[in-house]
Amino acid sequence: MRGISRAVVLLLLCHPLSSLSQNSAGQLPAPDQNYILNLYDAFGYQKRGTILDWGFSALVRYNGKTILFDTGNSADGFEHNVKALGVDLNQVDIAVLSHRHYDHISGFDYMLRVKPAVKVYLPADEALGAPLHFTFSKDTKESLTGLPPEQLYFGGKTNSI
């Protein structure tokens, strides 16, 4: 995941703007090309009947893998833009959610209807199902041996939830 994250960040930061859009013929780049296609945002150039809306989504093609990064503010708007741009979401290998704000997550409803078995990477967020582990003390039980129970969390029975 770390390698994919770095690739996405590098492409988003370093790739020239000219490669972010479709080629001059109005078609998606060839499947063997690396590219970033902006699917959803509130600014920039409207392409081939897409709608502008608050949120973000990009389709990244890198080293033979297709990565969907976020899905915008509205499942309907995301679906509209995907279809207007001629994107086949069945070709997505990995879907990544950067964070759980509505303007980045809402289109996942549509993505998962199209390809329910897509591999999805989510942030380690309890609201998205990540395990909650709260530690009161970094001390091990062995290092606390000999302290009276009244000086330990929960009388020394546990030091984490």
message: If I stretch the segment between residue 140 and residue 52 completely, what's the gain in nm (0.36 nm per residue apart, minus their alpha carbon distance), one decimal?
response: 26.3 nm
At R0 = 35 Å, FRET efficiency that the Cβ-Cβ distance of residue 128 and residue 34 yields, to 0.05: 0.75
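The numbers here are math on the coordinates, done by the rules we state, and not lab data. Just so it is clear, the structure is predicted and the values come from calculations on it, not from any experiment. In this analysis, Cβ positions are derived from the backbone assuming ideal geometry, glycine residues included, and neighbour counts consider all displayed protein chains.
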